[in-house]
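Chemist: Got a structure here, written out as structure tokens. Questions coming.
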Amino acid sequence: MENIYINHIAVLVCTVMSLVIGGVWWSPILFAKAWQREVGLSDEQLKQMNPAKVFGLTFVLAYLASYNLAFFLGAPGTNWQWGIGAGMLAAFWAIAMYVIISLFEQRSLKHILINCGYITVYFAVIGFILGIWR
């Protein structure tokens, strides 16, 4: 069995990137208003969310997702190309399940594309980070 190496600092950086990419993705610069319309949330409803709960759980789940991908990329010989490739494969699994759920929830194509775009970018970025930072 090969020795698996995980760079724990890289995993932490990947976790933070979830918040950074999400912050840009769902900002007014990109998709905030379109996403808000598609999910039917008012500004008042968004203000009522519990940020500690939302961002805390986001951080924990992103941490677990980053570690999971790090295990797949822990083999010797991993590079940034394989990192992005593995990230895109992980994104495919996540997107497939997200689209299935969205179809049953009768979400719009715009809603699906906004969220799947985030999933794709996020997994490609963390795959790149984990692949290059060995």
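Bear in mind that the values in this text are calculations on the coordinates, not laboratory data. Because the structure is a prediction, the values reported are computed rather than measured. Positions of Cβ are generated from backbone atoms using ideal geometry, with glycine treated the same way; all protein chains shown enter the neighbour counts.
Chemist: Could you tell me the calculated FRET efficiency between residue 109 and residue 13, based on Cβ-Cβ distance and R0 = 30 angstrom, to the nearest 0.05?
Modeler: 0.35
Chemist: Okay, moving on. For the chain, what is the convex hull volume of its Cα atoms per residue in Å³?
Modeler: 113 Å³
Chemist: Counting only helical runs of four or more DSSP H residues, what would the 222 nm mean residue ellipticity of the chain come to if each run contributes -39,500 (n - 2.57) and the total is spread over all its residues?
Modeler: Counting only the DSSP helices, I get -25500 deg cm²/dmol.
Chemist: Going 7 Å from the Cα of residue 49 in the Cα-to-Cβ direction, what parts of segment 11-32 have a backbone nitrogen less than 20 Å from that spot?
Modeler: Only 15-32 fall inside the zone, counting backbone N under 20 Å.
Chemist: Roughly how many debye, to the nearest 20, is the charge dipole of the chain about its Cα centre, given +1 on each Lys and Arg Cβ, -1 on each Asp and Glu Cβ, and no other charges?
Modeler: That gives a dipole near 160 debye.
Chemist: Assuming R0 = 25 Å, can you tell me the calculated FRET efficiency for the pair residue 41 and residue 71, based on Cβ-Cβ distance, to the nearest 0.05?
Modeler: Numbers: r = 35 Å, r/R0 = 1.41.
E between residue 41 and residue 71, to the nearest 0.05, is 0.10.
Chemist: Next question. Subtracting the Cα-Cα distance from 0.36 nm times the residue separation, let me have the gained length for residue 59 to residue 30 in nm, one decimal.
Modeler: 8.3 nm
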